[in-house]
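Peer 1: Can you keep this structure in mind? I'll have questions shortly.
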């Protein structure tokens, strides 16, 4: 899920798990989506015109956010202008870049705030509404120190950061960045709206938590739980397959997470190993809500978009006959099968063959499945959602024989030991003083490399070895091209209200955590 931006996740996507793109009329087969984490819109929204001025950013923020760009490798576009370009042209180009960034932000801000499902990204701080004269630090880039890249995609990066000021100072988080120009150019506004909105609504021990959201002229930032255990996919690749006991544990925690989503009208729709992470203790954290759908209150109807990752798509999504909560129980069945065998059922690299198998091929259950596990998977993978296990609610799934030995109350309280301890020997609560040193200049604190290695041991080294720093002295061709499209005048307020601070929820009514 941290893989980058979206990061899904903290790693790059494998080719076999690529979200499909929702479109209008159903094509012969869902087209392959963007790089994992890039995602696609979840629904078509009727837009209305909001009003108000877009917030501005400071020079400090601009300088800081430029450090996220690798001059050569962080974009797919060509390199910047040659250093021999005349100074006057460089000046004009720099001014054009700044203007384009501002115009892009205003247009994206407008799109984010449009329609009934519009999201106010830059919300006012709760303390300001109660006491306007009270000075409270709003979330901003300067609050965080960048340590290591966890994932990278076409929209930006996911980086391990450490909070420098205020409550939770010293704590580690995963900061996900999204490039506004790419979101606009590739039609990812609806996906971003949904993810921001859903993450701020859900509060559950087995769902990734959104702590802060803020923006600069060029980027959006989401500060999330740092799940030091990495993705289930990472561990499944190591172990080949999990024991039935291990699969039962993760399935039960995910079942509680899905139940919380459904109780709050949220349809997840993208359950797969890459989107399930482990915290430092080994408990699951469901992440990447870019394909989620809100305001769903029915088991088999309410949504119609053809979205998801092809290998895990439910038949009712493929056929576009309408779907509800039962698609998530299909996804759970696919995940249980994969955890116990190493591959999802009906897996093939031929997309056309895959869709035919998902719709009609018989399900082969390996002989090493217990009778309870076999019955459980078969019940979840019923092609008729009205006959699927879960159509009568989350509790009916908990009561299946597969969970006869599971104490869901103890599980929710995290009193059952996870089958994998992903971070043995590392204390994730915070970086101890002994692990912080000063650089040669004696100014900036740095975590020892050995400590960072331990903190990121469950992430792909191709990302963790990337530099989070780059030169801030010049722009690339990619940057200068952002926002320069033949799409008419750019407008304001697409991402107004993006800012989020979970500390402001202290006086709000929390969502119920249910079994």
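The values are calculated or read from the model by the stated rules, or taken from the named source; none is laboratory data. Everything numeric here is computed off the predicted structure, so don't read it as measured data. Heads up, the Cβs are rebuilt from the backbone with ideal geometry, glycines too, and the neighbour counts pull from every protein chain shown.
Peer 1: Do you know which residues across the range 345-366 are in contact with a helix residue (DSSP H, G or I) (Cβ under 8 Å, 6 or more places away or on another chain), part of a loop (DSSP other than H, G, I, E, B) and free of Cβ contacts under 8 Å to residues at least 60 places away in the same chain?
Peer 2: If the condition is that a residue be in contact with a helix residue (DSSP H, G or I) (Cβ under 8 Å, 6 or more places away or on another chain), part of a loop (DSSP other than H, G, I, E, B) and free of Cβ contacts under 8 Å to residues at least 60 places away in the same chain, then 345, 346, 348, 363, 365, 366 are the ones that fit.
Peer 1: Looking only at residues that are part of a loop (DSSP other than H, G, I, E, B) and touching a strand residue (DSSP E or B) at 6+ places or on another chain (Cβ under 7 Å) in the range 257-290, which one is farthest from residue 301 (Cα to Cα)?
Peer 2: My answer is 279.
Peer 1: For residues that are at pLDDT below 90 and in a loop (DSSP other than H, G, I, E, B), scanning just the range 172-208, find the one that is surrounded by the most Cβ atoms within 10 Å (Cβ to Cβ).
Peer 2: 188
Peer 1: Picking from 287, 342, which residue would you name as being surrounded by 23 or more Cβ atoms within 10 Å (Cβ to Cβ) and either outside the structural domain of residue 199 (by TED's automatic domain parsing) or over 23 Å from residue 370 (Cβ atoms) (or both)?
Peer 2: Of the residues listed, the single one that is surrounded by 23 or more Cβ atoms within 10 Å (Cβ to Cβ) and either outside the structural domain of residue 199 (by TED's automatic domain parsing) or over 23 Å from residue 370 (Cβ atoms) (or both) is 287.
Peer 1: Being more than 28 Å from residue 367 (Cα to Cα) and in a loop (DSSP other than H, G, I, E, B), is that true of even one residue in the range 238-256?
Peer 2: Within the range 238-256, not a single residue is more than 28 Å from residue 367 (Cα to Cα) and in a loop (DSSP other than H, G, I, E, B).
Peer 1: What number of residues within the range 223-234 are assigned to a loop (DSSP other than H, G, I, E, B) and under 13 Å from the mean Cα position of the chain (by Cα)?
Peer 2: Here the count works out to 2.
Peer 1: State whether the residues of the range 215-222 include one that is touching a strand residue (DSSP E or B) at 6+ places or on another chain (Cβ under 6 Å), outside the structural domain of residue 308 (by TED's automatic domain parsing) and outside any strand (DSSP E or B).
Peer 2: No, the range 215-222 has no match at all.
Here is a yes/no grid of residues against (1) at pLDDT 50 or above; (2) within 28 Å of the chain's Cα centre (by Cα):
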position: 403; (1), (2): yes, no
position: 408; (1), (2): yes, yes
position: 414; (1), (2): yes, yes
position: 447; (1), (2): yes, yes
position: 463; (1), (2): yes, yes
position: 468; (1), (2): yes, yes
position: 474; (1), (2): no, no
position: 479; (1), (2): no, yes
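Peer 1: Based on what the data block shows, is residue 335 in a helix (DSSP H, G or I), in contact with a helix residue (DSSP H, G or I) (Cβ under 9 Å, 6 or more places away or on another chain) and not assigned by TED's automatic domain parsing to the domain that holds residue 459?
Peer 2: It is true that residue 335 is in a helix (DSSP H, G or I), in contact with a helix residue (DSSP H, G or I) (Cβ under 9 Å, 6 or more places away or on another chain) and not assigned by TED's automatic domain parsing to the domain that holds residue 459.
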